[in-house]
Amino acid sequence: MKEMFTRRRIMFGAGGVVVLAGAAYEGRRLLRKRYAPSPYDDLLALLDDRDADAQIGEAVLAGIDDFDAKAVSEKVRARLAHQPLARVAVADATEGRVLEADGWVIPETLALLCALTAKAD
């Protein structure tokens, strides 16, 4: 009678477990939607859904006459230099720095990020 646990079976089983664990760990990152490179990728990486953010950005851009993407990106980078986006957005709202986009009131930094997303796409 053959042994149930041979060295070969154990190695194949362990290898299979490692492959499945790696696929589960990296699968989401490998299957996510890819976007064309832009000069604002460091900022746009802070957003979860670039397609939805681009729609919001279009509404923000409709209310801004002279949008200079380079100046806006520098302004946003300066604000986010030492704080996470959530904290900056809360500070914007409490200090009254908000923009209106299609009936929605959005913290200024988040609205400008969405506008950059719309410009990048």
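Miscellaneous remarks
- The range 1-65 holds helices (runs of 4 or more DSSP H) entirely within its bounds, and those carrying 1 or more residues that are touching a Ser or Thr at 6+ places or on another chain (Cβ under 8 Å) map to 41-44, 50-62.
- Ala81 being part of a helix (DSSP H, G or I) and in the same structural domain as Thr109 (by TED's automatic domain parsing): no
- First in the range 38-55 and among the basic types (Lys, Arg), second anywhere and in a helix (DSSP H, G or I), Cβ under 6 Å, 6 or more apart: Arg50/Thr117
- Exactly one residue out of Val105, Val17, Val60, Val98 is loosely packed, with under 11 Cβ neighbours inside 10 Å, in contact with a strand residue (DSSP E or B) (Cβ under 7 Å, 6 or more places away or on another chain) and at pLDDT 90 or above: that is Val105.
The values are calculated or read from the model by the stated rules, or taken from the named source; none is laboratory data. Just so it is clear, the structure is predicted and the values come from calculations on it, not from any experiment. Heads up, the Cβs are rebuilt from the backbone with ideal geometry, glycines too, and the neighbour counts pull from every protein chain shown.
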